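First the structure, in the form of structure tokens, and then the observations on it.
The values are calculated or read from the model by the stated rules, or taken from the named source; none is laboratory data. What you are looking at is a predicted structure, and each value in this text was computed from that prediction instead of being measured. Cβ placement follows ideal geometry from the backbone for every residue including glycine, while neighbour counts extend to all protein chains displayed. The area values use the complete protein model at the heavy-atom level, side chains included, leaving out ligands, DNA and RNA. Shrake-Rupley method; radii C 1.70, N 1.55, O 1.52, S 1.80 Å.
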Amino acid sequence: MATADVHINYVHAQWSSRWVFVLAATGSAVGLGNIWKFPYMVGQGGGGAFVLVYLVCIALVGIPIMMAEVLLGRRARRSPVNTMRVLALDEGAGAGWQFVGWLGMATGFLILSFYSVVAGWTLAYVFRTASGVFATQDPQQIKALFGVFVTDPAKVLIWHTLFMVTTTVIVARGVQAGLEKAVRFMMPVLLILLLALVFYAMGSSGFGQGIEFLFSTDFSRLTPGVILGAMGQAFFSLSLGMGAILIYGSYLPQSASIAGSTFMIIAADTAVALLAGLAIFPIVFANGLEPAAGPPLIFEILPIAFGQMPGGGFWGTLFFVLLVFAAWTSAISLIEPAVAWLTETRGFRRMVSAVLTGGLAWLLGLLTIMSFSHWAFSFRFLGLEKTNGFFDIFDILTTNITLPVGGILIAVFAGWKMQRPHLQDELRLASRAGFEVWLFLTRFVAPVMVGLLLLYLLFGHYFDA
Ligand code: PFF
């Protein structure tokens, strides 16, 4: 296979089976993006219109790009930077393609910096829920509690630090050792709890309104900001466009089916996001709260439900524990590309690589913490009001720009630069038509759709009256 690799060590690790890959990639995909971000983006983006665009992007862009990422990783079996370098040489493309890997690493740092802060809020809410405080307060008081918490940087810093240190330790020990086992148990339980919450929501007086909000499409709400946000969220939620799925693919055994695995990962991720929406919006409406509350949404809404439910202290605590686990299994995939690259090219031990990368993301995270208190500033972006300064900038820069750009480049490389026999060799699709459909989506549909949306983002204001 790759010939141009004399100075680059292989990433030797391999998942113990295809199922472990599916589990790990699902662990990467399912996270705060599904349960925290998806509901608040739907809330701000006007409900069903956002959901519809999101689902279309998953089908037309998410599926082909995820297959492409896994394919590239498995073919080269290296970190994203070196995968792109080796494959570009092999396929006679320019060495500049390794830029995709660099962009991905930078994106991983930026995402992890704010991801860890939100995961820190989640950790704090494990203990708050366990303390029983929500059972004694009314919805407005519960809402106010969150406001007091996030505007106290010293408190948030402790939880952010705790999350980042634990993430670093897990990454340092290697993915297989502890995490694999935990995920095997945690993910199914999270799903069951989410279903239980949906049942609870079905009994609330806001259920009809919640369903209506999620699924009835009011096309007048499809503004450029909403469409771009939904497309970005598809990348964010599926962990696409930055090399996280690529590096997991690089540990995939040669015999495993790429298409079958991809479908399972995407189905699980989409189901969790929709269930989170079904659980949350009925409670929002039943309590007369605001669906467009933004990032605080679930931290204000779910404690209300847990406060009213019998046994809510127990179930609520368990829910936030599982959400922290979902966040861990995503966070490790955010720095794995950088850790693998440092280990491969610089010869660092995993421990050193993990501490360096985790430390940098921790530092950047301080900007997000301050964005919710002393350094909050607001601006408008594509018609949406953003009030949390650096947090919003990092989020927009990654979710709306670098992930989609990375995704386009990956699709173009796989679709246009790789030789057809090499693609067929990796994908080994049973049906020829299936391969042609994938190639068409990868060559044309995904890059053109995402590209047009991005162009509109940059130059759209010239078209506005
Ligand atoms: N997919 C994760 C989530 O939905 O929470 C977040 C994420 C992980 C984004 C890994 C990007 C990534 F590479």
Qualifying residue in the range 356-372 (condition: closer than 23 Å to residue 251 by Cα, more than 16 Å from the ligand (Cβ to nearest atom) and in a helix (DSSP H, G or I)): yes
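If I ask for residues that are more than 13 Å from the ligand (Cβ to nearest atom) and aliphatic (A, V, I, L, M), which ones from the range 249-270 would you list?
First, pick out the residues of the range 249-270 that are more than 13 Å from the ligand (Cβ to nearest atom): 250-264, 267.
Those that are more than 13 Å from the ligand (Cβ to nearest atom) and aliphatic (A, V, I, L, M): 252, 256, 258, 259, 264, 267.
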Total residues in the range 281-335, condition polar (S, T, N, Q), part of a helix (DSSP H, G or I) and open to solvent by 10 Å² or more (accessible area, probe 1.4 Å): 2
Total residues in the range 106-138, condition within 13 Å of the ligand (Cβ to nearest atom) and either of a type in the set (Lys, Arg) or open to solvent by less than 20 Å² (accessible area, probe 1.4 Å) (or both): 11
Output for the range 334-353, where each listed residue is within 18 Å of residue 163 (Cα to Cα), within 16 Å of the ligand (Cβ to nearest atom) and at pLDDT below 95: 335, 336, 339
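Take the conditions surrounded by fewer than 23 Cβ atoms within 10 Å (Cβ to Cβ) and modelled with pLDDT of 95 or more and apply them to residue 102. Does it pass? Full working, then the answer.
Details: surrounded by fewer than 23 Cβ atoms within 10 Å (Cβ to Cβ): yes; modelled with pLDDT of 95 or more: yes.
Criteria met by residue 102.
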All positions within the range 353-381 that are in contact with a Phe, Trp or Tyr (Cβ under 6 Å, 6 or more places away or on another chain) and crowded, with 21+ Cβ neighbours inside 10 Å: 361, 368, 371
Residue check for residue 433: surrounded by fewer than 16 Cβ atoms within 10 Å (Cβ to Cβ) and either of a type in the set (Gly, Ala, Ser) or touching a Leu at 6+ places or on another chain (Cβ under 7 Å) (or both): yes
Those residues of the range 25-65 which are assigned to a loop (DSSP other than H, G, I, E, B) and either of a type outside the set (Gly, Ala, Ser) or away from the ligand (no atom under 15 Å from the Cβ) (or both), in sequence order: 30, 46, 47
Residue 377 vs. criteria among the aromatic types (Phe, Trp, Tyr) and either assigned to a helix (DSSP H, G or I) or touching a Leu at 6+ places or on another chain (Cβ under 7 Å) (or both): no
Selected residue (only one of 236, 199 is more than 18 Å from residue 36 (Cβ to Cβ) and either open to solvent by 10 Å² or more (accessible area, probe 1.4 Å) or in contact with a helix residue (DSSP H, G or I) (Cβ under 9 Å, 6 or more places away or on another chain) (or both)): 199
Qualifying residue in the range 66-83 (condition: away from the ligand (no atom under 16 Å from the Cβ), closer than 15 Å to residue 418 by Cα, at pLDDT 95 or above and not in a helix (DSSP H, G or I)): no
Pick from the range 211-229, criterion in contact with a Gly (Cβ under 7 Å, 6 or more places away or on another chain) and hydrophobic (A, V, I, L, M, F, W, C), ranking: surrounded by the fewest Cβ atoms within 10 Å (Cβ to Cβ): 215
Of the criteria (1) open to solvent by 60 Å² or more (accessible area, probe 1.4 Å); (2) of a type in the set (Ser, Thr, Tyr); (3) more than 30 Å from residue 222 (Cβ to Cβ), which one residue 343 fails: (1)
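Scan the helices (runs of 4 or more DSSP H) fully inside the range 139-248 and keep the ones with 2 or more residues being away from the ligand (no atom under 16 Å from the Cβ) and more than 30 Å from residue 442 (Cβ to Cβ). Reasoning before the result, please.
Numbers: elements: 139-150, 153-173, 179-202, 207-215, 224-237.
Answer list for the range 139-248: 139-150, 153-173, 179-202, 207-215.
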Single condition residue 164 does not satisfy, out of (1) within 27 Å of residue 247 (Cα to Cα); (2) open to solvent by 10 Å² or more (accessible area, probe 1.4 Å): (2)
Meets criteria (closer than 30 Å to residue 306 by Cβ and open to solvent by 10 Å² or more (accessible area, probe 1.4 Å)) for residue 384: yes
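Would you say residue 309 is at pLDDT below 90 and away from the ligand (no atom under 16 Å from the Cβ)? Let's see the steps before the verdict.
Details: at pLDDT below 90: yes; away from the ligand (no atom under 16 Å from the Cβ): yes.
Answer is yes for this residue.
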Among the residues listed as 403, 441, the single one being over 18 Å from residue 227 (Cα atoms) and at pLDDT 95 or above: 441
